[in-house]
Structures are given as C-alpha cells and as structure tokens.
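Taking it in order: structure first as structure tokens, then the write-up.
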Amino acid sequence: MRLFLICAAVVFALWLPDPTAGGASRAHLPAAPAAGQVVLPGTPGRYGGLQHLRTPLPPRAIALTFDDGPDPTGSGQVLDILDRKGIKATFFLVGRYVQARPDLVREVVRRGHNVGDHSWSHPIHLRYRSRDAQVREVRGGFDALEAALADAPPGERARLEPFFRFPGLNESAFLSRWLGERGVIVVSAEAGTDDWRGYSAATITRRTLAAMEESNGGVLILHETRPQMILALPGLIDALRARGFTFVQITAGPDGRAQAIAAEDPVFSR
Ligand SMILES: [Zn+2]
C-alpha cells in the first residue's frame, strides 16, 4: 500500500504541468545575458580590433554579424542556416529597409537574434555630412527598428540593442562621442569577409578562415545581401567549428540597455 502511494505521488508529480514550460511565460522573461552571450561594457563602448580595442570575446569565439538588411531574399535564407547550425547572431539593419519590411525584423528577433542600427540610408561618408544630418541618420535607423518591434513581446523587443555600426566602418569622431553620451556602443569588427567585393563562395570561405585564424576569432562582418556569402555560410560555419572556433552572441546586456534608455535624449525609449 505504501509503495502504491509513493508511486501514485510520483505519477501525480510528473503529471503536474511544469510552471516554467510554455512559450507564453517564457516570452515575458527579461533578456538577461544567456549562455553563449558576451556582454560588451558601456565603457569604453567602442569595440573591434580593426579600429578599436579588441572585442572582449573568449579566445577562438566568433560573434557573427550580418549587415545591410533586412533583405527580401537573403534574410530568410540566413535565418534558416543559423537555425540549422544553432547559432544566434546580431543583425545591423538599415532603417529604410527596416521600414519597408518590418516583418523581417520581427522574424529576426523572434528567432533569437539581436538587432542594432546601421543608419537610416547607409551613407558611406557619414562624417562629411553636417552634424544634424549625422544625428538624423542614427535616429532614423533606431526609430525604424523601434517602430518595427513596437508590438513584439517584451522579450523580443529587448533584442533591440544600443549598438551602432558605421556604414563602411567610416567613423565620425563627432558621432562616436554623441553615441557614447547616449550609452550606444559602436561595434566595429575583428574582421570582414569582404563578401561585398564580389568574390566567389570558395574565396569568401578561404579568406574568412585565414582572417579568423589571424585574429583568433572575434566579431565577423558578413552581408545578408550577398548571395555568394549565403552560399558559403553553411560550409564556412562547419569549417570554423572543425578548427575549434565557437560562436557567441554579443549584447549590451539588460544593464547596458537600461542605461541607454535612461540617457538624456535617448536613441530609443523601450
Ligand atoms: Zn553596411
């Protein structure tokens, strides 16, 4: 009889619904730094060995970043590859494309990726514009992202990071300072794939492997607008893993995000 009661209790306990299970409750959890995430501190707030301090990732860890989207063709393909490979990345998006395809931005965050601002219209020589025009480019990008995610669940909306990447990595001293005052982190990179030069998938793979070996990992720039990069991506990820590289996702973390929101004259408000 006693054994029966113990068995019955165990069965009952197994039957009870797990309070932590279910998408609905998870969706409201704050986006705390999770396993596989690396928090970039707000000070000094500019990262990427190409131009600044090395991004503080563990040795042989790579943070994939995808620029210039959302792209009606490329975004979906990149998202499917990242899902298959179990990698969470960061997308630096262009405001006017965000405004055209907010559904793609929602899909990016729904699948667990972070998004940052890559300006409103991608002017390569941002620093030669007036200060007002430079600020408008930053604000236009963040405004478009915030609008696209306005109705997303809070956990997904929190994937809008206080991150800015200069178009063409052509930085403006004025704008870097302006961003820093608002808790926005400038994310450059340890390497690019040069996929925008029109290389073949094989060349992109070879050059990227060499670059990642040289920098021992780091933030890597790819472009979701480049079909040859997308062709190369699955094999490139496999080849990097075979060489002992791992993949991490960069974030400002909940504190960094809260700091940007609390800034005077912030770039986004939620
Ligand atoms: Zn770009």
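The values are calculated or read from the model by the stated rules, or taken from the named source; none is laboratory data. All of these numbers come straight from a predicted model, not from anything done at the bench. With ideal geometry, Cβ positions are generated from the backbone for all residues, glycine too; neighbour counts draw on all protein chains shown.
A few comments on the model shown:
Listed here are the residues, each with its yes/no results for (1) among the polar types (S, T, N, Q); (2) within 16 Å of the ligand (Cβ to nearest atom); (3) closer than 16 Å to PHE66 by Cα; (4) within 15 Å of the chain's Cα centre (by Cα).
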residue	(1), (2), (3), (4)
LEU82	no, no, yes, yes
LYS88	no, no, yes, yes
VAL94	no, yes, yes, yes
VAL98	no, yes, yes, yes
LEU126	no, yes, no, no
ARG136	no, no, no, no
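- All positions within segment 197-236 that are closer than 21 Å to VAL109 by Cα, among the aliphatic types (A, V, I, L, M) and assigned to a helix (DSSP H, G or I): ILE230, LEU233
- Residues that are away from the ligand (no atom under 16 Å from the Cβ) and either in contact with a Gly (Cβ under 9 Å, 6 or more places away or on another chain) or in a loop (DSSP other than H, G, I, E, B) (or both), drawn from segment 64-80: PRO72, THR73
- Enumeration of residues in segment 43-58 that are of a type in the set (S, T, N, Q), touching a Gly at 6+ places or on another chain (Cβ under 9 Å) and either in contact (Cβ under 8 Å) with a residue 40 or more places away in the chain or outside any loop (DSSP other than H, G, I, E, B) (or both): THR55
- For segment 50-63, a residue qualifies if it is more than 22 Å from ARG241 (Cβ to Cβ) and more than 16 Å from the ligand (Cβ to nearest atom), and the qualifying residues are HIS52, LEU53.
- Among the residues of segment 242-267, those identified as over 20 Å from the mean Cα position of the chain (by Cα) and either over 27 Å from ARG177 (Cα atoms) or of a type in the set (Phe, Trp, Tyr) (or both) are ALA242, ARG243, GLY244.
- Test: residue in segment 114-121 that is buried (at least 22 other Cβ atoms within 10 Å of the Cβ), on the phi > 0 side of the Ramachandran plot, within 14 Å of the ligand (Cβ to nearest atom) and modelled with pLDDT of 95 or more: yes
- Qualifying residue in segment 146-157 (condition: touching a Phe, Trp or Tyr at 6+ places or on another chain (Cβ under 7 Å), within 13 Å of the ligand (Cβ to nearest atom) and acidic (Asp, Glu)): no
- Evaluation of ILE221 against (1) within 16 Å of the ligand (Cβ to nearest atom); (2) closer than 19 Å to ARG131 by Cα; (3) among the aliphatic types (A, V, I, L, M) (one fails), failing number: (2)
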